[in-house]
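**Q** What follows is a single structure, and I will ask about it in a moment.
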Amino acid sequence: MALGGISRFGKDTPGLLTRPLNMSTPRIFVAATRMNDGKTTTCLGLTAALGAMGLKVGYIKPIAQRVVQSGDDQVDEDTLLLDALFDLDIPMAAMSPVAIGPDFTRQFLENPETVRPQLIDRICRAFDRAAYGKDIIVVEGSGHAGVGSVFGASNADNAKMLGSKAIIVAAGGIGKPVDEVAINQALFRQAGVEVVGVILNKVMPDKIDFIREYAGRGLKQLGLPLLGVLPLRETLICPNLDQVAHETQARWIHRPKGNRRVRRVIMGAMSARRSAEYLNKPGTLLIVSGDREKLLAALATPEAAQSLSGILLSNGLLPPESIEKALAAVGIPLLAVETEAFAVTARINNMTVKTMAEDEDKIPVIRELVANHVDLPALLKAIR
């Protein structure tokens, strides 16, 4: 993506901005130790919780790497999520000013002296627009502190450019997250950015007190407070059937209303009699070849429909139409793929589950997690 010489946020001017026009609105930069550690969950929860406190909250994700099309703009998919959930009154182009396409890094390295000032100008103008009329603005990073270094706009660089302090989100644990936080803190410090705290995410509920105590001690040695410990919620890590269908390139045979969540995956390598032992837990996705007719016929019951989130027919084989109709009649979702069962099971088990705007069951959980498990007064005090 070539940035071009004209900003989308103002008239063409001979000079480029080198810092945001707005330096008065409190802001917090949310980074993480790794991808998928919970940045977007944290940003969503912070936006909701701070809004519930009566604050007008702004949001921006300066660098978009998971890019989707929104009208005439290419923007980050997380920006679409926040825009769909909250009435932020911010143009999409201001919330997601720079999209990293496949040729962006090469274009930058060919002409860094020209592209970098344009990139800075665009981010700064976007920030100024996103912060307009707001009491606080949440800035979402794109990964760990060093992401974007190759084109001169790492998370640490962007936080410095925007005059923002930072928090780091890490996965639950003691040794590994503290070690990873230390590396990220060093990169932020090198850029002149103060890290004001850490949030640990996806912690087993029965380990909350233990992690808070000992991870807190480890972080204290780094001079960092532990601002929050977010317990693992099954709803947030389990995909729904639409996401499974997209990941496996499955086609729908019977799609009832609602979008069931998949909590466990099993393969149908069993007899019809033994299947009841494995299918007694709600949220089970059964992966089975369509030629297992006795097993599939035995599952066409209201009881199985209560436990099964769906049946995914593997190996490109379909059962007789009479069995398909019987399964549909009791309300069991039915999908089919050409892939063999072991491969499709591995793909589902390894998929990354992102929060989507249509995940109505997830959004209240995320709001509750941040509101009840993050020390918001301490965070606000640190950034003001």
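Derivation of every value follows stated rules applied to the coordinates shown; laboratory data play no part. Everything numeric here is computed off the predicted structure, so don't read it as measured data. As a convention, Cβ positions derive from the backbone with ideal geometry for all residues, glycine included, and neighbour counts pool all protein chains shown.
**Q** Would you grab the residues whose amide H sits under 5 Å from the one on Val195? Only those 5+ places off in sequence or on another chain, please, with H modelled 1.01 Å from N.
**A** Ala166
**Q** Could you calculate the contour length gain from Ala298 to Asp135, that is, 0.36 nm times the residue separation minus the distance between their Cα atoms, to one decimal place in nm?
**A** On the way: separation 163, 0.36 × 163 = 58.68 nm, distance 5.91 nm.
Here the answer is 52.8 nm.
**Q** Using a simple charge model, +1 on the beta-carbon of Lys and Arg, -1 on the beta-carbon of Asp and Glu, nothing else, what dipole does segment 44-119 show about its Cα centre, in debye to the nearest 20?
**A** Numbers: 5 positive and 11 negative charges, 50 e Å.
So the magnitude is around 240 debye.
**Q** Cut-off is 10 Å between beta-carbons; in what order do Ile323, Ile383, Ile60 appear when sorted fewest neighbours first?
**A** Numbers: Ile323 20, Ile383 17, Ile60 28.
Ordered by Cβ neighbours within 10 Å, fewest first: Ile383, Ile323, Ile60.
**Q** Pop the C-beta distance of Phe86 and Ala371 into the FRET formula with R0 = 22 Å and round what comes out to the nearest 0.05. If you can, show how the numbers build up before the last one.
**A** Working: r = 15 Å, r/R0 = 0.66.
Efficiency, from the Cβ-Cβ distance: 0.90.
**Q** What ranking of Phe342, Phe29, Phe151 emerges when the number of other C-beta atoms within 10 Å of each C-beta is taken as an exposure proxy, fewest first? It would help to have the intermediate numbers written out before the result.
**A** Working: Phe342 12, Phe29 29, Phe151 20.
Listed from fewest to most nearby Cβ atoms, that is Phe342, Phe151, Phe29.
**Q** How much net charge surrounds Val196 when only other residues with a Cβ under 10 Å from its Cβ are counted (Lys, Arg +1; Asp, Glu -1)? List each step's numbers first, then the result.
**A** Details: positive: Lys165, Lys381; negative: Glu194.
Its environment carries a net charge of +1.
**Q** Along the Cα→Cβ direction, 7 angstrom out, place labels at Val330 and Arg263. What is the inter-label distance in nm?
**A** 1.9 nm
**Q** Using helices alone, what [θ] at 222 nm do you get for the chain, with -39,500 (n - 2.57) per DSSP H run of 4 or more residues, divided over all residues and rounded to the nearest 500? The partial results should precede the final answer.
**A** Numbers: 17 runs with 160 residues, N = 384.
So the calculated ellipticity at 222 nm is -12000 deg cm²/dmol.
**Q** Then there's this: Pop a pseudo-label 7 angstrom from the Cα along the beta-carbon direction at both Asn36 and Asp209 and give the gap in nm to one decimal.
**A** For Asn36 paired with Asp209, the spin-label model returns 3.3 nm.
**Q** So how strong a dipole does segment 81-200 carry about its Cα centre when Lys and Arg Cβ are +1 and Asp and Glu Cβ are -1, to the nearest 20 debye?
**A** For this selection, approximately 220 debye.
**Q** Something else now. Test of understanding: ordering Asp179, Asp78 by Cβ neighbours within 10 Å, fewest first, what list do you get? Provide the component values of the computation, followed by the final result.
**A** Values: Asp179 13, Asp78 24.
Lowest to highest Cβ neighbour count: Asp179, Asp78.
**Q** So for the chain: antiparallel DSSP bridges make up what percent, rounded to the nearest 5? Walk me through the intermediate numbers first.
**A** Details: 9 of 47 bridges.
Beta bridges within the chain, antiparallel portion: roughly 20 percent.
**Q** Please list, in chain and number order, the residues 5+ apart from Ile287 or on another chain whose amide H is under 5 Å from its amide H, with Hs placed from the backbone.
**A** Answer set, sorted by chain and number: Ile266, Met267, Gly268, Leu312.
**Q** Identify all lysines with a Cα-Cα distance to Lys281 below 22 Å; exclude those on the same chain that are fewer than 8 residues away in sequence.
**A** By straight Cα distance, Lys281 reaches Lys257, Lys294, Lys362.
**Q** Moving on. With r as the distance between the Cβ atoms of Asp72 and Gln107 and R0 = 35 Å, compute the FRET efficiency 1/(1 + (r/R0)^6) and round to 0.05. Write out the running numbers ahead of the final one.
**A** On the way: r = 20 Å, r/R0 = 0.58.
Rounded to the nearest 0.05, the efficiency is 0.95.
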